[in-house]
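Chemist: Take this structure, written in structure tokens, and hold onto it; I'll ask about it next.
Every number here is computed from the coordinates shown, using simple stated rules; none is lab data. Note that this is a predicted model, so its numbers are computed, not measured. Methodologically, a virtual Cβ is constructed for each residue, glycine included, from the backbone with ideal geometry; neighbour enumeration extends over all protein chains shown.
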Amino acid sequence: MAGTLLTKENFNREIEESRITVVDFWAPWCGYCTRIAPSVDQIAETYQDDIKVGKINIDDEPDLAEQFDVMTIPTLIAFQNGKAVGEPLVAPTAKSQIEGWMQELGIAGE
């Protein structure tokens, strides 16, 4: 698994340490999460110099999912300078969709 495992203990520190963080809210029982995980991992590798990718297992961290109103998984939320930016990306189906969302938010180049 590429990306940083985020918990309520390390969440604030991790997103504040990086100028840009994309957080993937997921669960191991979620089939859609399993299908998109390789694309999220590729994003983590491709943008590793500019963007941190964090992963939150909502079963282990329900408080974080509730804090960010995550009702559907997978959900991706972007943070810039420690604050959520733009709209979350809910149930992405392809790497190109994730990259397009990142470009719309201005956190990834063309």
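Chemist: Counting other Cβ atoms within 10 Å of each Cβ, which trypsin sites (Lys or Arg not before Pro) in region 14-80 have at most 16 and sit in a DSSP loop?
Modeler: Sparse-neighbourhood loop trypsin sites (Lys or Arg not before Pro): Arg19.
Chemist: Can you check what the net charge comes to around Ile43, using other residues whose Cβ is under 12 Å from the Cβ of Ile43 (Lys, Arg +1; Asp, Glu -1)? Kindly include the intermediate steps, with their values, before the conclusion.
Modeler: Working: positive: Lys52, Lys55, Lys95; negative: Asp24, Asp41, Glu45, Asp50, Glu99.
Charge balance near Ile43 sits at -2.
Chemist: Next question, about the same structure. Counting Lys and Arg as +1 and Asp and Glu as -1, each charge on the Cβ, what is the dipole of the chain about the Cα centre in debye, to the nearest 20? Each step should come with its number before you reach the end.
Modeler: Numbers: 8 positive and 19 negative charges, 26 e Å.
Using Cβ point charges on Lys, Arg, Asp and Glu, the chain gives about 120 debye.
Chemist: Here's something else I'd like to know. Specify which residue in the list Trp101, Gln67, Asn10 is farthest towards the positive end of the charge dipole of region 4-105, using unit charges on the beta carbon of Lys, Arg (+1) and Asp, Glu (-1), about the Cα centre.
Modeler: Working it through, the farthest residue towards the positive pole turns out to be Trp101.
Chemist: Also: Straight-line reach from Lys83: which lysines fall under 17 Å, measuring Cα to Cα and dropping same-chain residues less than 8 apart?
Modeler: Lys8, Lys52, Lys55
Chemist: Right, next: What net charge is computed for the residues neighbouring Pro28, neighbours being all others with C-beta under 14 Å from the C-beta of Pro28, Lys and Arg scored +1, Asp and Glu -1?
Modeler: -2
Chemist: Rg(Cα) of the chain divided by 2.2 N^0.38 Å?
Modeler: 0.94
Chemist: Determine the relative contact order of the chain: mean sequence separation of Cα pairs under 8 Å and six or more apart, normalised by residue count, in whole percent. Don't jump to the answer; show the numbers that get you there.
Modeler: On the way: 172 pairs, mean separation 37.1, N = 110.
About 34 percent, as a whole number.
Chemist: Counting helices only, and only those DSSP H runs with n ≥ 4, report the 222 nm mean residue ellipticity of the chain as the sum of -39,500 (n - 2.57) divided by its residues, in deg cm²/dmol to the nearest 500.
Modeler: Result for the chain: -10500 deg cm²/dmol, rounded to the nearest 500.
Chemist: Taking H placed 1.01 Å from N in the peptide plane, check which residues at least 5 places from Ile20 or on another chain put their amide H under 5 Å from its amide H.
Modeler: Amide H neighbours of Ile20: Lys52, Asn81.
Chemist: List, in order, the whole-Hz ³J(HN,Hα) value for each residue of region 48-58 obtained from phi through the Karplus relation with A = 6.51, B = -1.76, C = 1.60 and θ = phi - 60°; use x for Gly and Pro.
Modeler: Running phi through 6.51 cos²θ - 1.76 cosθ + 1.60 with θ = phi - 60° gives 4, 7, 10, 10, 8, 10, x, 10, 10, 7, 5 Hz.
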